[in-house]
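A short worksheet on the structure shown next.
We did not get these values from a lab; they are worked out from the coordinates using the rules stated. This one's a predicted model, so the numbers in the text were calculated from it and none came from an experiment. All Cβ positions, even for glycine, are placed from backbone atoms using ideal geometry, and neighbour counts span all protein chains on display.
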Amino acid sequence: GAGVSQSPSNKVTEKGKDVELRCDPISGHTALYWYRQSLGQGLEFLIYFQGNSAPDKSGLPSDRFSAERTGGSVSTLTIQRTQQEDSAVYLCASSPSRITDTQYFGPGTRLTVL
Amino acid sequence: KNEVEQSPQNLTAQEGEFITINCSYSVGISALHWLQQHPGGGIVSLFMLSSGKKKHGRLIATINIQEKHSSLHITASHPRDSAVYICAVEGGADGLTFGKGTHLIIQP
């Protein structure tokens, strides 16, 4: 079956612009995660959704970052007023449930802020 | 916050060698994940374990909950095993907490 898909695969934007990153999880997966992989920083957790709700937003680095999930499926990560330090690969993962399940990762969106 | 340490950071070995990558963490967890990332590629989950040992092909993962330690072993290593191997732990309210990864190169 189809895996986790993300779009766009690459995004180049100018500092100060807003960007939206999209994640389509595996059908039926209730848990959805956003991570960020920065050069020199490794992988870090941003936010996770159980269904449509986001019980844990502790990983979002600033209030410029927000995310939503509609219909228990597609999720959008929005970064407002992008900064150069936002440049990274943004990864989405999904799992069948929240409780210690294998996570399936998407290919990521490479964001470059000029 | 859980601190996840991996060793070694870099490992170069010859084809056929037995490989061991170690991971230790500081706080009790509900599960530990081993992930693989090829250069320019996506992340693939290799194992998720909360106790004991799991085996898949030439890969073996073990975890010692009391010692807060896990190992990933590769038997009969092959150049296609060259990748970054990442340990990640799960526990508490947030998603995974990741180690910095082990860069493995298997030379023919």
How big is the protein assembly as shown by the Kirkwood estimate over distinct Cα pairs, in Å? 18.0
Using the basic label-point model (7 angstrom from Cα toward the beta carbon), what is the A:Asp18 to A:Ser66 distance in nanometres? 0.7
Using a Förster distance of 25 Å, how high is the FRET efficiency between B:His103 and B:Ser26, based on the Cβ-Cβ distance and rounded to 0.05? 0.65
Label-point gap, in nm, between B:Lys1 and B:Thr75 - each point 7 angstrom along Cα→Cβ: 3.9
If you put +1 on each Lys and Arg Cβ and -1 on each Asp and Glu Cβ, how big is the dipole of chain B around its Cα centre, in Debye rounded to 20? 200
Would you give the gap between the C-alpha center of region A:1-53 and the C-alpha center of region B:50-69, rounded to a whole Å? 29
Does anything in region A:1-23 have its amide N under 15 Å from the 7 Å Cα→Cβ label point of A:Thr78, and if so which residues? A:17-23
Dipole of chain A, positive direction: furthest Cα of A:Phe105, A:Gln41, A:Thr82, with charges on the beta-carbon: A:Thr82
With a ≥ b ≥ c the root eigenvalues of the C-alpha gyration tensor of chain A, is it rounded (a/c under 1.5), prolate (a/b larger than b/c) or oblate? prolate
Built amide H within the under 5 Å cut-off of A:Ala67, gap 5+: A:Thr78
Prolate/oblate/rounded label for region B:34-108 (Cα gyration tensor, a/c 1.5): oblate
Relative contact order (%) - criterion: Cα under 8 Å, at least six apart; region: chain B: 37
Please state the relative contact order of chain A as a whole percent: Cα pairs under 8 Å, 6+ residues apart? 37
Enumerate the whole-percent occupancy of each 10 Å bin, from 0 to the last occupied one, for all C-alpha pair distances of region B:1-66. 16, 49, 31, 4
